[in-house]
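Enquirer: I have a structure here, written as structure tokens, and I will follow up with some questions on it.
The values are calculated or read from the model by the stated rules, or taken from the named source; none is laboratory data. Quick caveat, the model's predicted, so the values are computed rather than measured. FYI the Cβ positions are ideal-geometry reconstructions off the backbone, even for glycines, and counts take in every protein chain you see. Surface accessibility is based on the protein's heavy atoms, side chains included, excluding ligands, DNA and RNA. Shrake-Rupley method; radii C 1.70, N 1.55, O 1.52, S 1.80 Å.
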Amino acid sequence: MKILRKERGGHMLDSKLIRNNPESVKKGLKVRQGDSSLVDKFLAVDEEWRKVTIEVEELQAKRNKVSDEIAEMKKNKQDASRIITQMKEVSARIKELTDKQKESETAAQKIALEMPNLPHLSVPEGMDSRDNREVRTHGKKPSFKFQPKAHDELGRNLGILNFEQAAKISGARFVVYHGLGAQLERALINFMLDLHTKEHGYQEVMTPVLVNAKSMTGTGQLPKFEEDLFATRDDNFYLIPTAEVSVTNLHADEILEGEKLPVKYACYSPCFRREAGSYGKDVKGIIRQHQFNKVELVKFVQPDKSYDELEKLTKDAESVLQKLGLAYRVVELSTGDLGFSSAKTYDIEVWFPSENQYREISSCSNFESFQARRAGIRFRSNPKAKPEFIHTLNGSGLAVGRTFAAILENFQLEDGSVEIPKVLQPYLGGQKKLEA
RNA sequence: GGAGAGGUGUCCGAGUGGUUGAAGGAGCACGCCUGGAAAGCGUGUAUACCGCAAGGUAUCGAGAGUUCGAAUCUCUCCCUCUCCGCCA
């Protein structure tokens, strides 16, 4: 029976919301280019579930009552065999109905887990990324008196990036960092973690990068996006595509104390993505790799604060770019471009001179209670209050490889050397420049 | 990998087939007591689902089974701990 409870809790959207406001849920799904027919499918199965459940519970109530009577009779040495025979039938019927109940339960869950989150009302409506809205820009784009080179060319020439070796030992979409390159990557990780832990109040964690299917379901990667994930062959593990998965699930099936909120974590981890369906896209350089490093920020907050916290989270991520001196802009994703689990997302895009365009380097999202419902993360606003679903947020702070690439491109000199941003120099033994 | 032990409510901990949602204790909350506090005494202290409600149902690691009835019996799995082996 426990599984029933768990599965009910496993819905992404509140099943009561779907039941009571099917039209607004449909609208929400439509506006983000989702499949609104899922609502009617869910409702049909849910109705069946409720019908069976009511009957099951009535019979169970009867069984419980008669069982007590049988116990009483036996105690008084009375013959109970007639009732026992009757109850055999009742039990058989319960079994039958329970199977049916489980069936509709599973079906309802399957549908519900496929439903994406509903967008927040402030999110601009749109079909796709072309309808995203620029919120602000920051920093001055560098101007060059020469043709700026792409980061992969710079990295190769400096001897700090080696794609051939990576292809040899692994395959396409991998890279090997050498010497100061490896050190720069490490410096960036340390710089970001120090900034977020010392100045922004995040608690540092380091988690497993291999997680189970339950965790992947909790944050929304499963069941729908299995093809994007790497999995281990002989054990039931998935490699995390982002530390969001392991960090958010840190508090799965927990009830947090309201006074301790917000809980904020910063986590460095390697991330693994199959990039299925992105063949031919960003094949050059380190922009799109199967494995990359990222410092992730994750927050658990009270629902009424989550949108303020999203603004703060985005600014925390932005401050990394500000300190590094990289030009960027913040973009608000339209309903059509929103990630599966997100209610609202800001992308931070850093300037890439060789491409003459901004590219995503961070994605900051408010998931509201979507992940909390799937993962069972709740809080009590005070010790006596009823538990409520918490709101979860996360954002890259930042994608390290892309930051590495942006530094090479933005701070390159005509001779192919690269100036190291001041804030990173202490992390590199005072080194001021990358030179061949 | 081998051998063994164990998984019960916020925590500790009883419970081996019948009013056990679950003894007892701790903690916490409220009340009494007190000049105030401690002690002491009393009361309360899970979650989810269905239902307008009354109420009902479920939950003692997970799943399956035996039974009229399972926290208690059987099987499978997961996890934790101890010892041995191996090892960064």
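Enquirer: Quick test for you: out of A:Asp99, A:Asp40, pick the one residue that is within 9 Å of RNA strand B (Cβ to nearest atom) and either over 28 Å from the mean Cα position of the chain (by Cα) or not assigned by TED's automatic domain parsing to the domain that holds A:Glu360 (or both).
Expert: The match here is A:Asp99.
Enquirer: Consider the stretch A:254-303. How many of its residues are among the basic types (Lys, Arg), closer than 21 Å to A:Glu204 by Cα and crowded, with 18+ Cβ neighbours inside 10 Å?
Expert: Residues in the stretch A:254-303 being among the basic types (Lys, Arg), closer than 21 Å to A:Glu204 by Cα and crowded, with 18+ Cβ neighbours inside 10 Å: 3 in total.
Enquirer: Among residues belonging to the stretch A:232-253 that are open to solvent by 60 Å² or more (accessible area, probe 1.4 Å) and farther than 12 Å from A:Ala375 by Cβ, point out the one that is modelled with the highest pLDDT. Reasoning before the result, please.
Expert: So in the stretch A:232-253, the residues open to solvent by 60 Å² or more (accessible area, probe 1.4 Å) come out as A:233-237, A:250, A:253.
From the residues that got through so far, the ones that are farther than 12 Å from A:Ala375 by Cβ too are A:233-237.
Values: A:Arg233: 83, A:Asp234: 79, A:Asp235: 81, A:Asn236: 82, A:Phe237: 89.
Within the stretch A:232-253, the match that is modelled with the highest pLDDT is A:Phe237.
Enquirer: Something else about it: Please name all residue pairs, on different chains or six or more residues apart, with Cβ atoms under 8 Å, provided the first residue is in the stretch A:374-387 and is assigned by TED's automatic domain parsing to the domain that holds A:Thr248 and more than 24 Å from A:Ile111 (Cβ to Cβ) and the second residue is within 11 Å of RNA strand B (Cβ to nearest atom) and in a loop (DSSP other than H, G, I, E, B).
Expert: A:Phe379/A:Pro387; A:Arg380/A:Lys386; A:Arg380/A:Pro387
Enquirer: Among the residues of the stretch A:357-413, which ones are of a type in the set (Ser, Thr, Tyr), crowded, with 20+ Cβ neighbours inside 10 Å and closer than 27 Å to A:Gln302 by Cα?
Expert: Passing the criteria: A:Ser362, A:Ser363, A:Ser365, A:Ser369, A:Thr392, A:Ser396.
Enquirer: Next question, about the same structure. Go through (1) within 29 Å of A:Ser334 (Cβ to Cβ); (2) assigned to a helix (DSSP H, G or I) one by one and return the number of the condition A:Asn157 breaks.
Expert: Of the numbered conditions (1) within 29 Å of A:Ser334 (Cβ to Cβ); (2) assigned to a helix (DSSP H, G or I), the odd one out for A:Asn157 is (1).
Enquirer: Condition check: within 12 Å of A:Leu188 (Cα to Cα) and among the charged types (D, E, K, R). Does A:Arg402 satisfy that?
Expert: yes
Enquirer: For the stretch A:348-436, give me every one of the strands (runs of 3 or more DSSP E) that falls completely inside it and has 2 or more residues that are within 16 Å of RNA strand B (Cβ to nearest atom).
Expert: Fully inside the stretch A:348-436 and qualifying: A:377-380.
Enquirer: Could you list, ordered by first residue, the pairs with Cβ atoms under 7 Å in which the first is in the stretch A:132-160 and open to solvent by 60 Å² or more (accessible area, probe 1.4 Å) and the second is part of a helix (DSSP H, G or I), at least 6 apart or interchain?
Expert: The qualifying pairs are A:His138/A:Glu318; A:His138/A:Gln322.
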